[in-house]
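Input: a single structure, listed below in structure tokens.
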Amino acid sequence: MGIEGPFWRAIAVFRIASVVYAAVLLLRAGGYAHPVTGWIVIGVMAFWTGIATLAYAQPGVRGWPLLVLDLLTAVGCLLATPYVQGSLATPGTMPITATWVAAPVLAWGVHKGRRAGAVSAALVSAADLWLRAPGFDLATVPVNGAVLLFMAGVVIGHVAQLAKQAEARMQRAVEIEAAGRERERLARGIHDSVLQVLALVQRRGAEIGGEAAELGRLAGEQEAVLRELVRSGPRPERAPRRRLIPARRPASAAPQDLADLSDALRRYGSARVTVATPAEPVTLPRRTVEELVAAVGNALDNVRRHCGPRARAWILVEDAGERAIVTVRDDGPGIPEGRLAEAAAEGRLGVSQSIQGRIADLGGTVSILSSPDGTEIEMSVPSGLS
Amino acid sequence: MVDDHPMWREGVARDLAEAGYEIVATTGEGRQALRIAAAVRPELVVLDLQLPDLPGVEVARGLGASEHPPRVLVLSASGEQDDVLEAVKAGASGYLVKSASREEFLDAVKRTADGDAVFTPGLAGLVLGEYRRLAARPATTPEDDGPRLTDRETEVLRLVAKGLSYRQIAERLVLSHRTVQNHVQNTLSKLQLHNRVELVRYAIEKGLADLDG
């Protein structure tokens, strides 16, 4: 059916209404000079209206033969006017077909575009003007009808073309999206296989030891990176329905610019850094997310500096409703008591101070807990959602 | 042992056999896994979530609903968050990423076989989030506002999510190792129970709706 369907239905309605209108005109005129001929013409019009309505509904039948036949029928009925109205016809009277002759013009426009609409309008107008030829005089001949016909043919043709183009583009967008989804699905399977192999190499490498252990470690690092990529990639089954054609406006134009904290922090995940988050996104204002990500980055730098490159770290993201809590823990030796205060007294801005600064700017709090199990930095910020 | 990757299946099966476990069946397909499980009644199923024919979550659900539900240890390569949470809610009692070492894996199998919950920090984070989500959503019925964690359970779960071992948690909270284990186990049992109740309620509502209609 496609986008043309509604146009054809509208034209069918127009045809039927026009036939009724023509019949009413014939009745009110008392049948003009030759009522029998008049009703025969109306009958032909009604018959063709039925045929055309059925024929145009079939996409396979639409084409030049039908369009030409449609136009010829309309012009034929139009040219029958003198035989119905006779010499009684006064200048300015509607022909017997009334508005019905516009139907093929609309059909040409819808099916073949605005040029075809203009051509068919010209043909019908020519027939109309020829009818009035005996007393041809620009002052009395209503050019209105011709102008309206042209406008109808061209405007409808143009609109139909636009609609068809839009439909084609939509169709393409749908196809592209489907192809993208399929690619994503295939990629998931491949990624999974690669992950399996990497995990296996890592595991066996560690067991064999020596150089194989080094290979295993490299495989493990790549495995963590790929796992993160797979996880943070688009997941159509959970994502809210995406628009087929992306909006022009950039996302930053939204009333409140939001981001998912979990998603942003997962990029820190690696073989040595574990990120634990809720399954649901933790949505916060983008600036808050950026500051938290930077603060966590500072904390991880700190871990690397004080506990060595082999230290492990854990990041926990919690959504406590009005507050979001991010905890960074390491398994290093912990901070010696008084070390923080000492650093501050010496006027040095330790990394923990810069973390505290960032979080305080967001209206949040930082608590640092040091134990033999390692150091825990807990950052709690208001979620700040209006 | 359910895993579509032959290399893994063999490797893991070998590890388990060496550790003294009896492998009753291995398969790479979910539907087959359910059929085999019904026939051979394994005590423990090691389940990969990414299977070619049936989502691993469905397999976990099917195993949980069987007459003799086996314990299920989920082993996943990609760590798909939602899948892991769903599998655990459906009855799996342990979860491990495939990059875990052989010792970690064998330890996880042993603990799962003993009926203990095996949590990674990642899974603890998911479970914490799930309880918060359940607490935050509007109550479906006045008498049931969903499962709640006790303060102690929340505390323990947070420590697990921060990567502390059960031993470290026990030391920090001055509890026995067993008690920590029980707390973790409880968080999971409550969630699974809630999930089953929800399923039954859903089924009843559907049934009643059908009768009405």
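The values are calculated or read from the model by the stated rules, or taken from the named source; none is laboratory data. Quantities reported herein were computed from a predicted structural model and do not represent experimental measurements. Backbone-built Cβ (ideal geometry, glycine too); neighbour counts: all protein chains shown.
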Item to check | Of the criteria (1) touching a Ser or Thr at 6+ places or on another chain (Cβ under 9 Å); (2) surrounded by fewer than 20 Cβ atoms within 10 Å (Cβ to Cβ), which one residue B:67 fails | outcome: (1)
Item to check | One residue from B:138, B:147 being more than 9 Å from chain A (Cβ to nearest Cβ), modelled with pLDDT under 90, in a loop (DSSP other than H, G, I, E, B) and touching a helix residue (DSSP H, G or I) at 6+ places or on another chain (Cβ under 9 Å) | outcome: B:147
Checklist entry - Checking residue B:17 against (1) in contact with a Lys or Arg (Cβ under 9 Å, 6 or more places away or on another chain); (2) loosely packed, with under 15 Cβ neighbours inside 10 Å, which test does it fail? => result (1)
Checklist entry - among the basic types (Lys, Arg) and more than 30 Å from residue A:4 (Cα to Cα) - does that describe any residue in the stretch A:159-173? => result no
Next on the checklist: With the structure loaded, tell me whether residue A:317 is away from every other protein chain (no Cβ under 13 Å), touching a helix residue (DSSP H, G or I) at 6+ places or on another chain (Cβ under 8 Å) and modelled with pLDDT of 90 or more or whether it fails that test.
Outcome noted: no
Item to check | Selection count, the stretch B:98-110, where residues are among the aliphatic types (A, V, I, L, M) and under 26 Å from residue B:193 (Cβ atoms) | outcome: 2
Item to check | Those residues of the stretch B:157-176 which are on the phi > 0 side of the Ramachandran plot and within 7 Å of another protein chain (Cβ to nearest Cβ), in sequence order | outcome: B:163
Checklist entry - Just one of the numbered conditions (1) within 11 Å of the chain's Cα centre (by Cα); (2) among the charged types (D, E, K, R); (3) within 11 Å of chain A (Cβ to nearest Cβ) is not true of residue B:102; which one? => result (1)
Next on the checklist: From the list A:299, A:279, exactly one residue is within 11 Å of chain B (Cβ to nearest Cβ) and not β-branched (Val, Ile, Thr). Which is it?
Outcome noted: A:279
Next on the checklist: When you scan the stretch B:91-114, do you find a residue that is hydrophobic (A, V, I, L, M, F, W, C), modelled with pLDDT under 85 and closer than 30 Å to residue A:226 by Cβ, even just one?
Outcome noted: yes
Checklist entry - within 20 Å of residue B:71 (Cβ to Cβ), of a type in the set (Ser, Thr, Tyr) and buried (at least 19 other Cβ atoms within 10 Å of the Cβ): does that describe residue B:95? => result yes
Item to check | residue A:288 modelled with pLDDT of 85 or more and either assigned to a helix (DSSP H, G or I) or farther than 28 Å from residue B:134 by Cβ (or both) | outcome: yes
Checklist entry - Looking at A:191, A:158, which one is part of a helix (DSSP H, G or I), touching a residue at least 24 places away in the same chain (Cβ under 8 Å) and away from chain B (no Cβ under 14 Å)? => result A:158
Item to check | Residue pairs meeting the criteria (Cβ under 7 Å; at least 6 apart or on separate chains; first closer than 18 Å to residue A:101 by Cα, in the stretch A:55-67; second surrounded by 14 or more Cβ atoms within 10 Å (Cβ to Cβ) and of a type in the set (S, T, N, Q)) | outcome: none
Checklist entry - Right, residue A:76: at pLDDT 85 or above and closer than 16 Å to residue A:16 by Cα or not? => result no
Checklist entry - Would it be correct to say that residue B:12 is in a helix (DSSP H, G or I), touching a residue at least 60 places away in the same chain (Cβ under 8 Å) and either touching a strand residue (DSSP E or B) at 6+ places or on another chain (Cβ under 8 Å) or closer than 15 Å to residue B:76 by Cα (or both)? => result yes
Next on the checklist: Among the residues that make up the stretch B:28-44, is at least one of them outside the structural domain of residue B:195 (by TED's automatic domain parsing), touching a Lys or Arg at 6+ places or on another chain (Cβ under 8 Å) and at pLDDT below 90?
Outcome noted: yes
